[in-house]
Amino acid sequence: MKLSCLQENLVKGISIVSRVVSTRAVLPVLNNILLATDDGRLKLAATDLSTSITCWIGAKVEEDGEITVPARLLSDFVSTLPSAEIEMELVTRTKSLHLKCAQFEADIRGIDAQDFPLIPSDVSDHKLTIPPATLRQMIEQVTLAAATDESRPVLTGALAEFRDSELTMVAADGFRLSLRKAPLTEEVPEPMDVIIPARALRELARVSAEEEEPVEIIVTPSRNQVLFRLSNVEIVSQLIEGKFPDYNQIIPTSHGTRVVINTHDLMRAVRISVLFSRDVANIVRLETIPGSEIAPGRLIVESTAEVGQNVGELDAVVEGEQMEIAFNGRYVIDMLNVIGTEQVTLETTNPSRPGILKPVGDDNLIYVIMPMHIKK
């Protein structure tokens, strides 16, 4: 292997793939990044056996070849080099990669590329596509509700339902649930449900930040892997086995009180309340007060703890009965951060039933929050 490429392009490629490099790998090769020539370009790949990322960058290839080298050393070395052309050459006898840039040279010992796990690329003939901005927003709005506790693996992922020409993505951790729908650019040949690890989806959102072309989604016929294909990047992830809970049983179908309020105002009030309730599970009380002919409706946001208490009073459109309910303020903040509209709707039934947050004017996003017990 003998080639040259720009330092800035190599740094970018390494940063894309290195996030899935295993830090405690049983196999030494999993600590490495694969570098290989591929049709006149340089291919970089990394995997932790659950998620794999492959990236292609422009290069001047003189001789084909491939090698794997330690990801951390390669990343640290290349990132400190000057912004200039990097020459790379594989020394077959010592299985090392020789790099030269400006007045700097290095040899990095590697492991044979044949020991690197095979990463599938073409896993199915049928491809579904979705605009990258839409997919990023879906991931941002849904994965915040995915569980981090591995005791129930299905909850660490997001359920992806493909129906007709629509994708529905759902995540839940037992305390909250987020559901988002978005149109696909073509019809789904048959209904399909898969559970995608939230971590893989977050990596997809990260690497697609500059993507403009539609993202291809390909699920293996065996339904055990999903591939996301971008212009110069591919992500392959193992799917989570198991049955996702019936989320329709969790989402309330009716409400007794409905509040429409400015998103920014509610965010500020809840943030302030959380400052006081950090040591008491972030409990924030919300009290709805219907309006009258001479006064608008109000939403009271308050918290009480040993360190003190606070009260915020916000103007709001309140329909229904006066009611008091408590939520984990952090969960409310998470949703308001990504809701994307100037106004938000809060629907509640009673203090012991889940509440619903929705963006005003957008029925494609629903956020369900379980209530917290209020001590009288």
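The values are calculated or read from the model by the stated rules, or taken from the named source; none is laboratory data. In this text the structure is predicted, and so the values were computed from the model without any measurement. Using ideal geometry, Cβ is built from the backbone for each residue, glycine included, and neighbour counts are taken over all protein chains shown.
The residue that is surrounded by the most Cβ atoms within 10 Å (Cβ to Cβ), among those in segment 279-331 that are without any contact (Cβ under 8 Å) to a residue 24 or more places away in the chain and out of contact with any Pro (no Cβ under 9 Å at 6 or more places or on another chain), is 300.
Checking each residue in segment 187-212 for being touching a residue at least 24 places away in the same chain (Cβ under 8 Å) and loosely packed, with under 13 Cβ neighbours inside 10 Å picks out 189, 191, 209, 212. Of the residues making up segment 269-318, those that are in contact with a strand residue (DSSP E or B) (Cβ under 7 Å, 6 or more places away or on another chain), in a loop (DSSP other than H, G, I, E, B) and not hydrophobic (A, V, I, L, M, F, W, C) are 279, 282, 290, 291, 296.
Matching residues to (1) buried (at least 17 other Cβ atoms within 10 Å of the Cβ); (2) closer than 20 Å to residue 106 by Cα; (3) out of contact with any Gly (no Cβ under 9 Å at 6 or more places or on another chain); (4) polar (S, T, N, Q):
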{"site": "3", "(1), (2), (3), (4)": "yes, yes, no, no"}
{"site": "8", "(1), (2), (3), (4)": "no, yes, yes, no"}
{"site": "28", "(1), (2), (3), (4)": "no, no, yes, no"}
{"site": "32", "(1), (2), (3), (4)": "yes, yes, no, yes"}
{"site": "36", "(1), (2), (3), (4)": "yes, yes, no, no"}
{"site": "49", "(1), (2), (3), (4)": "no, no, yes, no"}
{"site": "60", "(1), (2), (3), (4)": "no, yes, no, no"}
{"site": "67", "(1), (2), (3), (4)": "yes, yes, no, no"}
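Could you list, in sequence order, the residues of segment 75-96 that are more than 14 Å from residue 5 (Cα to Cα) and surrounded by 13 or more Cβ atoms within 10 Å (Cβ to Cβ)? If the condition is that a residue be more than 14 Å from residue 5 (Cα to Cα) and surrounded by 13 or more Cβ atoms within 10 Å (Cβ to Cβ), then 75, 77, 90, 91, 95, 96 are the ones that fit.
The condition of being modelled with pLDDT under 95 and more than 17 Å from residue 255 (Cα to Cα) does not hold for residue 352.
Scanning segment 174-186 for residues that are crowded, with 19+ Cβ neighbours inside 10 Å and of a type outside the set (A, V, I, L, M, F, W, C) turns up 176, 178, 180.
For segment 337-372, the set of residues classified as of a type outside the set (Asp, Glu), assigned to a loop (DSSP other than H, G, I, E, B) and free of Cβ contacts under 8 Å to residues at least 40 places away in the same chain consists of 351, 352, 361, listed by residue number.
Within segment 186-205, can one find any residue that is within 30 Å of residue 348 (Cα to Cα) and under 15 Å from the mean Cα position of the chain (by Cα)? Yes: segment 186-205 contains one or more residues that are within 30 Å of residue 348 (Cα to Cα) and under 15 Å from the mean Cα position of the chain (by Cα). Looking at this structure, is residue 170 more than 22 Å from residue 16 (Cα to Cα) and not acidic (Asp, Glu)? Here the answer is yes, as residue 170 does meet what is asked.
Every residue, every condition in (1) part of a strand (DSSP E or B); (2) outside the structural domain of residue 196 (by TED's automatic domain parsing); (3) farther than 23 Å from residue 119 by Cα; (4) more than 24 Å from the chain's Cα centre (by Cα), yes or no:
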position	(1), (2), (3), (4)
9	no, yes, no, yes
24	no, yes, no, no
30	no, yes, no, no
53	yes, yes, no, no
68	yes, yes, no, yes
77	no, yes, yes, yes
88	yes, yes, yes, yes
98	yes, yes, yes, yes
105	yes, yes, yes, yes
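Considering only segment 215-254, state which residues are crowded, with 19+ Cβ neighbours inside 10 Å and over 23 Å from residue 19 (Cβ atoms). 244 - this is the single residue of segment 215-254 that is crowded, with 19+ Cβ neighbours inside 10 Å and over 23 Å from residue 19 (Cβ atoms). With respect to the conditions (1) at pLDDT below 95; (2) exposed (fewer than 14 other Cβ atoms within 10 Å of the Cβ); (3) among the hydrophobic types (A, V, I, L, M, F, W, C), residue 123 falls short on a single one, namely (2). Which members of segment 136-166 meet the condition of being crowded, with 19+ Cβ neighbours inside 10 Å, hydrophobic (A, V, I, L, M, F, W, C) and assigned to a helix (DSSP H, G or I)? Selection gives 138, 139, 142, 144, 145, 155.
Residues of segment 18-40 that are touching an Asp or Glu at 6+ places or on another chain (Cβ under 6 Å) and under 23 Å from residue 60 (Cβ atoms): 36, 37.
Results for (1) assigned by TED's automatic domain parsing to the domain that holds residue 192; (2) of a type outside the set (D, E, K, R), shown as yes or no for each residue.
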| site | (1), (2) |
| --- | --- |
| 235 | yes, yes |
| 241 | yes, no |
| 256 | no, yes |
| 261 | no, yes |
| 281 | no, yes |
| 291 | no, yes |
| 302 | no, no |
| 313 | no, no |
